[in-house]
Amino acid sequence: MQGVTLVDHPLVQHKLTLMRDKTTSTAGFRQLLREIALLLTYEVTRDLKLTTKNIETPLSPMESPVLEGKKLVFASILRAGNGLLEGMLDLVPAARVAHIGIYRNPETLEAVEYYFKAPENLADRVVIVVDPMLATANSASAAIEKLKERGARDIRFVCLLAAPEGIERFQRAQPGIPIFTAAIDDYLNDHGYIVPGLGDAGDRLYGTK
Ligand code: PRP
Ligand code: URA
């Protein structure tokens, strides 16, 4: 599917199966999401530009590769985005973080925004938006609109599960923004839940149901 990178690494798929299992505990779910986040980050950062710097190893001077440009921004859609964020920060501890508070109205499935805080200079940075679930795509799209208003231009979206309907709506609303996901599931049910999915990501992550 154009514009969508399916991260089908065996470790990701194995861990995702454990996360989907309804008998997996809150602690297990949280740990698995953190672990999968490392592997998703590896894929979404694959094309970051490098420059070089001069260093000295214990044996000799050398010109060695380092990331070019300003620090990355991870933009977490609250609440469940924070489960992915933790693992991403394990891999890129110097990244800047944006928090975007959004929840879905359970009746209309429209995104309701309640918080936004982002680093300066978004225009000069790669911004990686993270949320485990792409269902109707209303939340992801609202978050991206907000980031664009603040100047973000180089944006990517990372999730764990996407519904085909969500991908289609996302690509219509946010053309050109690449999606990285560990799975594309079957369909969205009448309540806007991804099937087979994993349930409510926020509730499973924080034990709120
Ligand atoms: C979940 C999930 C996404 C959103 C996806 O959040 O974490 O943000 O739903 O659905 P969408 O693509 O249809 O917008 P939720 O609304 O449950 O909020 P929470 O994380 O605060 O529980
Ligand atoms: N949000 C979730 O947490 N799960 C879904 O299946 C859909 C939206």
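The values are calculated or read from the model by the stated rules, or taken from the named source; none is laboratory data. Values in this document were obtained by computation on a predicted structure and should not be read as measured data. Here Cβ is always computed from backbone atoms with ideal geometry, including for glycine, and neighbour counts include all displayed protein chains.
The combined condition, being closer than 25 Å to Thr5 by Cα and modelled with pLDDT of 95 or more, is fulfilled by Tyr42.
If you go through the stretch 2-23 and keep only what is in contact with a helix residue (DSSP H, G or I) (Cβ under 7 Å, 6 or more places away or on another chain), in contact (Cβ under 8 Å) with a residue 40 or more places away in the chain and at negative phi, you end up with Val4, Thr5, Val7, Val12, Leu16, Met19. Scanning the stretch 159-209 for residues that are more than 26 Å from Gly87 (Cα to Cα) and within 9 Å of ligand 2 (Cβ to nearest atom) gives Leu188, Asn189, His191, Gly192.
A Cβ distance below 6 Å, combined with a sequence gap of six or more or placement on separate chains, defines the contacts here; from the stretch 135-154, residues that are basic (Lys, Arg) reach residues that are assigned to a loop (DSSP other than H, G, I, E, B) in the pairs Arg150/Ala118.
Condition check ((1) crowded, with 23+ Cβ neighbours inside 10 Å; (2) within 8 Å of ligand 1 (Cβ to nearest atom); (3) over 15 Å from Thr181 (Cβ atoms)) across all residues:
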residue: Pro132; (1), (2), (3): yes, yes, no
residue: Ala140; (1), (2), (3): yes, yes, no
residue: Arg150; (1), (2), (3): no, no, yes
residue: Val158; (1), (2), (3): yes, no, no
residue: Leu161; (1), (2), (3): no, no, no
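The residue that is farthest from Glu113 (Cα to Cα), counting only those in the stretch 73-99 that are of a type outside the set (A, V, I, L, M) and within 16 Å of ligand 2 (Cβ to nearest atom), is Gly83. Selection over the stretch 156-201 of residues that are in contact with a strand residue (DSSP E or B) (Cβ under 8 Å, 6 or more places away or on another chain) and closer than 16 Å to Arg20 by Cα gives a count of 18.
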